[in-house]
Amino acid sequence: MSRLLPYQLADNTTVFGNDHFRHYLVGEYQDVMIECGVTASAKHFVSQLTDSGRHAPDKLLVMHAHFDHVCGIPELKRHFPDAEVLASPAAAKVLDNPKVVAGFFDQDDQIVGDLGHDDAKADTGQSPRPKRITVDQTVSGGERITLKGGGTLELIDAPGHSPCGLAAWFEKDRVLFVSDALGFQISDDTIFPIFFHAYQPYMETIERLAKYPANILAFPHERIWQGNEVKAVFSRALSAAREIRDEIVSAAGKGRDLSDFKQVLFDRVYHGNLRIYTPENIKLCVDLLVRRSIENT
């Protein structure tokens, strides 16, 4: 069930944004922002932060270089010009590619339009499009970010969904920030597997993250899970990925027309929370799932 945002998720973790795009501030002085969202959600975050009177972030952490996790950065930098952008080396390379960044903001425009129909979401005003998104510092899994008020944020390599993916563990609050490593929550009981980079690393990432003693599982989109529910989410994510891959491999092995099969999969998944993305976007996602499933089989 949704709560009025922003709110204190744990002693040193605050959640902002909306149900579709969440932003987290971590640390007693809220020095690190995790998940930079889209332009619309970043504008909403700035408004929420102003109204709450809380500290502005010193660092903006890129969890992976997909449009719905980075297009909010220019808007955030406009309001917080001294904030450093941190990303993995692979993500930094993507964000330095003008062609890729232009495509990201084409998709960002679609999300802005969708959110604009809901007054609870965000302002839809336009911001200038950058040709590149500048990364100030590259970081990698295994590194720790020291927080001003005490404690550290441990970065974790999280490939599978994206080759540049990171997750983050905040031991002080026992919060695990998983980004898209576990998939997308179409509903509270249905996860859309999104192993767009590779299936096996995706599964290994989920299994590795499941070993952390998290009390809170902080997703960038939709539901945040706590307490006894956390373990079940990992099991659900693994099962969903395994089942859809097995189904795709079986269909390909039987010589089924995969174009027809992709449409069947699209019709099955394109509902609920996933409709914040365009049909074209999700059709590309389904195509990637099929390709990654039949690789090396």
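The values are calculated or read from the model by the stated rules, or taken from the named source; none is laboratory data. Note that the structure is a prediction, hence the values are computed from the model and not measured. Cβ sites come from the backbone with ideal geometry, for glycine too, and all protein chains shown count toward neighbours.
Residue-by-condition table, conditions (1) part of a loop (DSSP other than H, G, I, E, B); (2) free of Cβ contacts under 8 Å to residues at least 12 places away in the same chain; (3) buried (at least 17 other Cβ atoms within 10 Å of the Cβ); (4) of a type in the set (V, I, T):
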residue: I186; (1), (2), (3), (4): no, no, yes, yes
residue: H197; (1), (2), (3), (4): yes, no, yes, no
residue: Y202; (1), (2), (3), (4): no, no, yes, no
residue: V230; (1), (2), (3), (4): no, no, yes, yes
residue: F234; (1), (2), (3), (4): no, no, yes, no
residue: I244; (1), (2), (3), (4): no, no, yes, yes
residue: Q263; (1), (2), (3), (4): no, yes, no, no
Picking from H79, H55, H20, H69, which residue would you name as being under 22 Å from F184 (Cα atoms) and either of a type in the set (D, E) or surrounded by fewer than 24 Cβ atoms within 10 Å (Cβ to Cβ) (or both)? H20
Which condition does F105 not pass, out of (1) over 25 Å from I186 (Cβ atoms); (2) aromatic (F, W, Y); (3) over 18 Å from the mean Cα position of the chain (by Cα), if it passes all the others? (3)
Can you tell me how many residues within the range 141-154 are touching a residue at least 60 places away in the same chain (Cβ under 8 Å) and in contact with a strand residue (DSSP E or B) (Cβ under 8 Å, 6 or more places away or on another chain)? 4
Only one of these conditions is not met by K99: (1) buried (at least 17 other Cβ atoms within 10 Å of the Cβ); (2) at pLDDT 90 or above; (3) out of contact with any Leu (no Cβ under 8 Å at 6 or more places or on another chain). Which number is it? (1)
Residue under question is L60, and the condition is that it be at pLDDT 90 or above and either under 19 Å from I133 (Cα atoms) or surrounded by fewer than 24 Cβ atoms within 10 Å (Cβ to Cβ) (or both); does it hold? yes
